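To start, the structure itself, in structure tokens.
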Amino acid sequence: MNGTPPAPGPTTPSPSARARRSEATRDAILVAARERFAADGYERATIRAIAKDANIDPSMVMRYYGNKEGLFAAAVTVDLRLPDAGGLSPRDVGAVLVRHFLDMWEDDEVLTALLRVGATNQAGAERMQGIFRDQLLPVARRVCPDPAQIPARAALTASQLLGLALTRYVLRIPPAVALHPEEIVAWLGPTVQRYLTAPSP
């Protein structure tokens, strides 16, 4: 009988090691996705290119994020850079917000792509909800006359701002595209102002 002990077989990674490896893979995918979306834009970026950048198989991207829409929603971070409501006169906040959002939509392809994804993808919708919850609600909180109505008033404000973006930048409805920014501010500013500061109807 040979007294040499058998060679050890492959060891099974512990659950904590598998979790760390999974987290590292997710992080690598997100880093590659952010860089690829920034370089190529949403439409031209592909799962295959992102996987190649992350040095993994494309199936791993699909495993973790489902599809390009889900990956995009997970990868992008949007800072609306809203003006400080504390420095605004309450009677000016509607026009200031509309003008600020117009500037954002005009210059930020990522924001427009996220709106497009959010209209058809649950992960994108949740990301848009989070952006407006975390960044628009504080503005509403500073100027709304009734604290109990803050969520509803912020939601109505978002309906105007997102509706404008959808018609002008995603659907590109010609009359909406043709409006001069100052015309849009003149039309929508008073509406947003009313939603945020007018007495309850």
Completion exercise
Yeah, segment 40-155 with a ≥ b ≥ c from its alpha-carbon gyration tensor (a/c under 1.5 is rounded, else prolate when a/b outruns b/c, oblate otherwise) is prolate
Fill in the blank from the handout: Longest principal axis of the chain (C-alpha) makes with the long axis of helix 93-107 (C-alpha) an angle, in degrees to the nearest 10, of 40 degrees
Exercise for the section: Assign one of three labels to the chain, namely rounded, prolate or oblate, based on the Cα gyration tensor with a ≥ b ≥ c the square roots of its eigenvalues; rounded applies when a/c is under 1.5, prolate when it is not and a/b is larger than b/c, and oblate otherwise. Expected result: prolate
Handout entry: Solvent accessible area, Å² - V110, 1.4 Å probe, full protein context
Key = 50 Å²
Handout entry: Coil-residue trypsin sites (Lys or Arg not before Pro) of segment 127-201, DSSP, other Cβ within 10 Å capped at 16
Key = R172
Practice task
Could you order M62, M128 so the one with the most accessible surface comes first? Probe is 1.4 Å.
Solution key: M62, M128
Practice task
Could you pull the accessible area for T120 with a 1.4 Å probe, rounded to 10 Å²?
Solution key: 120 Å²
Exercise for the section: Let me know the shape class of segment 114-201, please: from the alpha-carbon gyration tensor, a ≥ b ≥ c as square roots of the eigenvalues, rounded when a/c is under 1.5, otherwise prolate if a/b is greater than b/c, or oblate. Expected result: oblate
Handout entry: Surrounding net charge for R36, when Lys and Arg each add one and Asp and Glu each subtract one, Cβ distance under 11 Å
Key = +2
Problem - Most fluctuating residue given options A45, A24, A74, as computed from a GNM of the chain linking Cα atoms under 10 Å - result: A24
Completion exercise
With the 1.4 Å probe rolled over protein heavy atoms, segment 72-201 has an accessible area per residue in Å² of 51 Å²
Exercise for the section: Could you please state how large a percent of the accessible area of segment 19-146 is carbon and sulfur, counting protein chains only and using a 1.4 Å probe? Expected result: 46 percent
Fill in the blank from the handout: Rounded to 0.05, the calculated FRET efficiency for the beta carbons of R194 and E106 at R₀ = 22 Å is 0.35
Handout entry: Relative contact order (%) - criterion: Cα under 8 Å, at least six apart; region: the chain
Key = 21 percent
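The values are calculated or read from the model by the stated rules, or taken from the named source; none is laboratory data. What you are looking at is a predicted structure, and each value in this text was computed from that prediction instead of being measured. Ideal geometry is used to build each Cβ from the backbone, glycine not excepted, and the neighbour counts take in all protein chains shown. Just the protein is used for accessible areas: all its heavy atoms, side chains included, with ligands, DNA and RNA removed. Shrake-Rupley method; radii C 1.70, N 1.55, O 1.52, S 1.80 Å.
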